[in-house]
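Okay, so here's the structure we're looking at.
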Amino acid sequence: MRSGPPKSITASFKSNKVGLTDKTIRGLLLRVTVDNNLPMLLAALVAMTTVNGATDPPVTADDLVAGRFRWTVGPPLVSPADRPDDPCHAIKDPSIVFQEGRWHLFATIRSQTRTHQIEYLSFTDWKEANQAERHLLKICDGYFCAPQVFYFSRHKKWYLIFQTSDPSRKPELQPAFSTAASVSDPGSWSKPTWLFDTQPTDVARWIDFWVICDESKAHLFFTSLDGRMWRCETKLSDFPKGWTQPSVVLRDDIFEASHTYRLRGLNKFLTLIEAQDGDRRYYKAYLADRLDGDW
């Protein structure tokens, strides 16, 4: 999971499209505000490097490589919900889409009794986000968190990628998916299905799963909390099954929470990963010309 001390989601948003498939809709941050929320910093960095006319002047590849980013800091937009029966102390790992005039936010919440769950809320204006009705997804009775939501046009379905646990499997933490016909109906998500029917060899530990597609394949990225990022792939016609054996594609002082995006107008891909050096937690960025290329 994307761990650490974040307490609340804080940012300003505008609609943007970044392709997981040709019609995938994803919301990205354009102006970021930060309140000890590491995942929001990561998402904001992606938005700041996306050429979409919202930055002035537009960020270029040179800006990205040189680390030239502009930040705006403000108060939280979404805070933990007040649930007396199970006090919630953190909301993090946001995955956001804009569909039919509304923002749809999926996030991990940390609570006193249920340590990890996924919460959904929807609203038309970010000024009203914190007052939006909260819905706990009922797809799992135990541990599940770190959502990624996207629309897969080939299936005409919404997909939710997340991690859950199964004590009968080794490792216990496993990547799973649920599907829904409508992103706005929190009660319609299917029960979890494993992305892998059997555990891949050579993968003793994995966390924080991220799917992104090119013209012919879906690519799954994850980290293993030991300085390695892995990748595997499947044909779009076989998604969400048929994954190849994962292989290590990056070695560095990286830790968890890898996110990979296509940079519009630059013909490049950007991966951001949370890194760790002792008690220091920070982010690193990597560029590649192809999803199966060198970072």
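Close amide H partners of Lys217, meaning residues 5 or more places away or on another chain with modelled amide H under 5 Å apart, are Leu236. If you wrap the tightest convex hull around every Cα atom of the stretch 118-257 and split its volume per residue, you get 134 Å³. Put in line by how crowded their Cβ is, counting other Cβ atoms within 10 Å and starting with the fewest, Lys217, Lys138 read Lys138, Lys217. Loop-resident GluC sites (Glu not before Pro) (DSSP state other than H, G, I, E or B) in the stretch 107-212 with no more than 12 further Cβ atoms inside 10 Å of their Cβ: Glu133, Glu172. 3J(HN,Hα) along the stretch 79-84, derived from phi through the Karplus expression 6.51 cos²θ - 1.76 cosθ + 1.60 where θ = phi - 60°, amounts to 10, x, 6, 8, 10, x Hz, with x in place of Gly and Pro. Overall dimensions of the stretch 195-295, expressed as equivalent-ellipsoid semi-axes from the Cα gyration tensor (√(5λ), whole Å, largest first), are 22, 19, 9.
Summarising the amide proton neighbourhood of Arg154: residues at separation of 5 or more, or on other chains, whose placed amide H is nearer than 5 Å comprise an empty set. Per-residue Karplus couplings for the stretch 167-174, computed as 6.51 cos²θ - 1.76 cosθ + 1.60 with θ equal to phi - 60°, are listed in order as x, 7, 9, 10, x, 5, 6, 9 Hz, Gly and Pro entered as x. With the convex hull of the Cα atoms taken as the outline of the stretch 107-178, the averaged projected area works out to 6.4 nm². Near Asp292, no amide H atom lies under 5 Å from its own; only residues 5 or more places off or on other chains count, and H is placed 1.01 Å from N.
Rounded to the nearest whole Hz, the Karplus-based 3J(HN,Hα) values (6.51 cos²θ - 1.76 cosθ + 1.60, θ = phi - 60°) of the stretch 96-111 follow the sequence 10, 10, 10, 9, 6, x, 9, 8, 10, 10, 10, 8, 6, 10, 10, 10, with x at glycine and proline.
We did not get these values from a lab; they are worked out from the coordinates using the rules stated. Everything numeric in this text was worked out from a predicted model, so none of it was measured. Here Cβ is always computed from backbone atoms with ideal geometry, including for glycine, and neighbour counts include all displayed protein chains.
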